[in-house]
Amino acid sequence: MDWYPLWNSLRIALVSCAAVFFLGIFAAYYIAKLPRTVKGALDVVLTLPMVLPPTVVGYFLLLLFGAKRPLGAFFMEHFGVKLVMNWYSAIFASIVVAFPLMYRTARGAFESFDETLAWSAQTLGQSDVWIFWRVRMPCCRQGILAGTVLAFARALGEYGATSMIAGYTPGKTATIATTVYQLWRTNDEAGAMRWVLVDIVISAVVLLAVNLLEKKQKAGGRA
């Protein structure tokens, strides 16, 4: 059994999750402070990939990163880097489809934050950066953690946009999701089922770890 799809899926999901974590928190924190009209317009733009068909997202990514498109041609000409049909191409797709989950969850957490805690810290002379990481983030950790897990799970299971921008090449761009489809398409149902079970185990382990962490945090809070 070739384990490359597992390794490739995990590194794509981890890199994408790390990028989405910071991008989602940054966007959620600043957009939550904007006027309602502006916030509503940005919400539509930033969460659109969550409701669009994944193949439509993949099509737009090809328009942006394709070898004959301005951005793709620029990287190919100046750096010799092809942005599509490589393993890291799937990172672009995973970031786009996972970002809305992190953003919406983090924004909800920030909007429910009690601002009097931040004001109290300001009266003590603490900087905005200190307040953000030492006061706001700990208070919003449940929402942030939930968004991170959802983003990781979404990136791990991404198929539609990934299949369009990265394709399927065994040992190069194959992920668990694309491998399951290719094995099923070639009537290898036993092989497809093995990868389905691998994906279920990974997802279950991630959710179990998060549940245990939440219970530990709640127990610490009661203590």
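Taking a point 7 angstrom from the Cα of residue 47 along the C-beta vector, which residues in the range 91-115 have backbone N less than 16 Å away?
Counting only backbone N, you get 97-112.
When the accessible area of the chain is split by element with a 1.4 Å probe, what percent falls to carbon and sulfur?
Carbon-and-sulfur percentage of accessible area, whole number: 68.
Starting from the Cα-Cα distance between residue 172 and residue 186, subtract it from 0.36 nm times their residue separation and give me the gain in nm to one decimal.
3.1 nm
Helix by helix through the chain, keep the DSSP H runs that span 20 Å or more along the axis on Cα and average at least 0.0 on Kyte-Doolittle, and give those back in order.
Those that pass (Cα extent of 20 Å or more, hydropathy at least 0.0) are 4-31, 36-51, 89-111, 141-156, 189-222.
Of the options 170, 122, 187, report the single residue whose Cα projects farthest towards the positive end of the charge dipole of the range 119-223 (beta-carbon charges: Lys, Arg +1; Asp, Glu -1).
So the residue furthest toward the plus end is 122.
Please calculate the 1.4 Å probe accessible area of residue 156, with all protein chains present, and give it to the nearest 10 Å².
Here the accessible area works out near 10 Å².
Work out the P(r) tail for the chain: percent of alpha carbon pairs separated by more than 33 Å, whole number.
Pairs farther apart than 33 Å: 27 percent.
Give me D for the range 80-192 in µm² s⁻¹, whole number, from Stokes-Einstein with Rh from the Kirkwood sum over alpha-carbon pairs, 4 °C and 1.567 mPa s.
Using the Kirkwood radius from Cα pairs, D works out to 77 µm²/s.
Any idea what the dipole of the chain comes to, in debye rounded to 20, about its Cα centre with Lys/Arg Cβ at +1 and Asp/Glu Cβ at -1?
Value, rounded to 20: 320 debye.
Starting from the Cα gyration tensor of the range 1-112, multiply each eigenvalue by 5, take the square root, and state the resulting semi-axes largest first in whole Å.
After scaling each eigenvalue by five and taking roots: 28, 18, 12 Å.
Heavy atoms only, 1.4 Å probe, whole protein assembly: order 195, 87 by accessible area, highest first.
Ranked from most to least accessible, the order is 87, 195.
What does the accessible area per residue of the range 1-175 come to in Å², with a 1.4 Å probe and no ligands, DNA or RNA counted?
52
Taking 0.36 nm per intervening residue step and subtracting the Cα-Cα distance, what contour gain separates residue 74 from residue 4 on full extension?
Result for the pair: 22.2 nm of gain on full extension.
With runs of 4+ DSSP H residues as the only contributors, calculate the mean residue ellipticity of the chain at 222 nm using -39,500 (n - 2.57) per run, divided by the residue total and rounded to the nearest 500.
-25000 deg cm²/dmol
Could you name the aspartates and glutamates in cross-link range of residue 68, using Cα to Cα under 16 Å and dropping any fewer than eight places away on the same chain?
Straight-line reach from residue 68, under 16 Å: 77.
The values are calculated or read from the model by the stated rules, or taken from the named source; none is laboratory data. Keep in mind the model is a prediction, meaning the values are calculated, not measured. Methodologically, a virtual Cβ is constructed for each residue, glycine included, from the backbone with ideal geometry; neighbour enumeration extends over all protein chains shown. What goes into the accessible areas is simple: the full protein's heavy atoms, side chains included, and nothing from ligands, DNA or RNA. Shrake-Rupley method; radii C 1.70, N 1.55, O 1.52, S 1.80 Å.
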